[in-house]
Structure formats: C-alpha cells, structure tokens
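Each remark here refers to the structure printed beneath this line.
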Amino acid sequence: MSTGLRLLLVSTPVGTLGSGRGGGVELTLAALVAGLGGRGHRLTVLAGEGSRLPPGSGAVQLWTCPGHDQPSWQHQSHDSAVQIPADGLLPALWDRVLQEQGSFDAVLNLAYDWLPLWLTPHCATPLFHLVSMGSVARVMDAVIADVARRCPGRLAFHTRSQAADFDLPGPPLVLGNGFDLTAYRFRAEPDPEAPLGWAGRIAPEKGLIDAARVAAGLGRRLLVWGVVEDAAYREAVEAAVPAGTVHWRGFLPTGELQAELGGCRVFLNTPKWNEAFGNVVVEAMACGVPVVAYRRGGPGELVEPGINGLLVPPDDLEAMQAAVLAAESLDRLACRHWVERHASREAFAGRVEAWLLAGLEPGSPAGHSLQGQTAGRTPDAGT
Ligand code: UDP
C-alpha cells in the first residue's frame, strides 16, 4: 500500500487561519485538511504567523511565516498593478515553498495571487492552484490565462460562472467546494419570530446593503455575521435602513455560526461581483435554511429554484422581497439533502485528489513543465 501523496497546502497571505480575514479560503483549506488527510495523504499547511489549524487536524503539520498581509485583490481596480508590501507575507510563504519543495510530491496553492501563479512553470515540484475568485484585475486575468495555456491541468475553479471570467484554452475543471456536514445541525423549524440571515465579509462587493433594504422593506430583522472588512461600508449599511433592522452578530467560528444560522427562516445572498462560490449559501442550506440569491456567480449555480431556495435578477430588491416570502414555504429538509448530495467534504476531497493524481501522472499534459521527478501515487483510502 502506498503512503499517499506528500502535499504542501499554501494558504492565503491575507490574515491568519482562524481570523476570518481569508474569507472562504479558510473553510476550503479546513475541508481539504480533513478530506485529503482522511484519504491517506500526508499534509503540511503553510500559512501566516499566528494561524491555527482547525480542531481535529491530527497529524497535519503547520508551518508559519511572519510578514505583512497582502492587499486583497477584490479591493483593487481592473488596471491595478501587482503590489507587494515591504516584509510581505506573500514572498515569505513562496520563499519557503521554493526551499522546501523537494520534500513534496505536489504543492496546492489556495491563494489568489500573481506570484504563485507566475511561479507555476518555474517550480520543480508540480504546483496546482485552486482559484478562489473570478476576474478582478487585468494582470491576474493574464497570469491565469498564461498558466492555463502553458501548464494544462494545473488550474481548478469552484464554479462554471467563476471560470467563465477567464480566457482558458479548454473547458475548465470545476470542483465545487466541500463542507463537513457533521459541523452543521439540521433545524427542521426556524426560531419563532425567526429573522432573515446574511453572512460574509462586510465589504461592498458582498452587497449587504441590498439585503438590509430587503429586510427593511419587509419589516423584518436581518441577522448579520462576518468580519467587518470595511468600517465605512458598515456605517453606510446601518444608515440605509431604520435603526434596529440590522443585528450585527460579529464573526463566529463555524460551530456557533451554524447554531445561529439554523434559526433563520430565509438566508439572503446579494453579491455585487461574480462570487466564485458562496460558502455561506451552502452553510445555510446545510442547516435547513432556504436561500434567496441573485442569479449571479456561484450562488446562481448553487441555488436550485424551488428546491433549496429561489433566484432573482441581480440587484432587483422588489423581486427579492417577493422571493423571500415565497421561500419561507420551501422544504427545509430538501435544502439539507441538496448539500449532502453536492457539497460534502468527502466528495470534494475526492475530486481534488483525482485532479492532483491526474496531473502527477507521468506523461500528463500537466507535467510538461517538469523535469521528470514526479511519481503518480495512490492514496491509502477512498479511491
Ligand atoms: N464565516 C464565519 N463566521 C462568520 C461569518 C462568516 O466563519 O461569522 C465564514 C463562512 O463560514 C465562509 C466565509 O466566512 O466560509 C465566507 O466565505 P464566502 O465564500 O461566503 O465569501 P468570501 O469571503 O470568500 O468572499
């Protein structure tokens, strides 16, 4: 029996693991740690200093690097240049990768950054990227297109809508995302007087202000969970609706978040950008909460109208108000079942594993930039 792959998982240079500042990447990383670890692979996670691995990560090694956060790409303009601060975390992480790469069969990058993408054809150990956002800037579009062309098989995406942002030479590899279903308790009934819910980074591209206006229009309370990334935007949301509409619940760890999410009658998702996936949409469904979302980006693929929620035209607040009322009567168990069928951690880890193994096969197009040092390996379990 083989001992599985030796994998180096590289986290985002925005925030530390556990802080919430890395957004959905933190949850994806947690799913991969458990899912790939459970399939017999030997994992090392590389992340910013102060990071914590999720509880139960067992034999997984954590390496950390000091350094200043990378500015988030989602807050740059389309023509922005690549910026790297002095003493930046991003080059520190990738310096470590280049030094240690000989001890691994593959490196899996979860960060949406130019430097690791650019390194792809130059790294001796095969370097794979799970791209976590859609198009935000020309320079990122160009490097993603370049990797897709020069190193086939090294890129994967969360949804088709996200991948459609990029100039790819062939059909994209779409892997979805994965959730630990045991971490989300199904709630057959919402709380009496159950309010509406919204979760995510408090930042303009996530569109909380629309959800607040919808709640105000219906005379409902809106519970909001998430890291305040943009304090001025939070104030603008607060000022846009009658006092008491928005209940700021702060950033909660998954265990506490799911307990509160499950009490909601309907969950709103109102992205202003091409949301790559929309973890919170699936987390709400996993608790049995139907989701009303804009037909835009990942959530537009995750919501199956009439099954686990409803979709409305992007930015149409009136349509969203009507959809909230209609979604209240959807079957909460069907929401949970949808997640079990489409977004379990185990199935996601299996898809990621298949991608890596195919890319490591000798002769795979993904291996064309390598120097013949890779070996396809079979994991111990789950194949
Ligand atoms: N989240 C959390 N606690 C909170 C609010 C949000 O842990 O109180 C997490 C949530 O579980 C999700 C992430 O924040 O994994 C947000 O990811 P999403 O894909 O929705 O958006 P992103 O921030 O990546 O744009």
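The values are calculated or read from the model by the stated rules, or taken from the named source; none is laboratory data. Predicted, not measured: the structure shown is a model, and the values here were computed from it. Cβ placement follows ideal geometry from the backbone for every residue including glycine, while neighbour counts extend to all protein chains displayed. Quick note on the areas: whole protein, heavy atoms, side chains included, nothing else; ligands and nucleic acids left out. Shrake-Rupley method; radii C 1.70, N 1.55, O 1.52, S 1.80 Å.
Listing for the model above:
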quantity: Test result for residue 250, touching a residue at least 24 places away in the same chain (Cβ under 8 Å), open to solvent by less than 20 Å² (accessible area, probe 1.4 Å) and within 16 Å of the ligand (Cβ to nearest atom); calculated: no
quantity: Among the candidates 37, 18, 88, residue that is under 26 Å from residue 351 (Cα atoms) and away from the ligand (no atom under 16 Å from the Cβ); calculated: 37
quantity: Residue among 69, 79, 87, 95 that is open to solvent by 40 Å² or more (accessible area, probe 1.4 Å), among the charged types (D, E, K, R) and within 21 Å of the chain's Cα centre (by Cα); calculated: 69
quantity: Any hit, segment 6-25, residues being open to solvent by 40 Å² or more (accessible area, probe 1.4 Å), assigned to a helix (DSSP H, G or I) and either of a type in the set (Gly, Ala, Ser) or in contact with a Pro (Cβ under 9 Å, 6 or more places away or on another chain) (or both); calculated: no
quantity: Test result for residue 273, of a type in the set (A, V, I, L, M, F, W, C), within 13 Å of the ligand (Cβ to nearest atom) and open to solvent by 20 Å² or more (accessible area, probe 1.4 Å); calculated: yes
quantity: Those residues of segment 335-366 which are open to solvent by 60 Å² or more (accessible area, probe 1.4 Å), under 18 Å from residue 151 (Cβ atoms) and either in contact (Cβ under 8 Å) with a residue 40 or more places away in the chain or of a type in the set (Phe, Trp, Tyr) (or both), in sequence order; calculated: 365
quantity: Residues within segment 36-64 that are open to solvent by less than 30 Å² (accessible area, probe 1.4 Å) and closer than 20 Å to residue 257 by Cβ, tallied; calculated: 2
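Rundown of residues vs (1) closer than 12 Å to residue 197 by Cα; (2) polar (S, T, N, Q); (3) in contact with a strand residue (DSSP E or B) (Cβ under 6 Å, 6 or more places away or on another chain); (4) assigned to a helix (DSSP H, G or I), yes/no style:
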site: 243; (1), (2), (3), (4): no, no, no, no
site: 280; (1), (2), (3), (4): yes, no, yes, yes
site: 301; (1), (2), (3), (4): no, no, no, yes
site: 319; (1), (2), (3), (4): no, no, yes, yes
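Residues are listed down the side, and each one gets a yes or a no for (1) under 22 Å from residue 293 (Cα atoms); (2) assigned to a loop (DSSP other than H, G, I, E, B); (3) without any contact (Cβ under 8 Å) to a residue 40 or more places away in the chain:
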site	(1), (2), (3)
121	no, no, no
130	no, no, no
152	no, yes, no
169	no, yes, yes
191	yes, yes, no
194	yes, yes, no
213	yes, no, no
217	yes, no, no
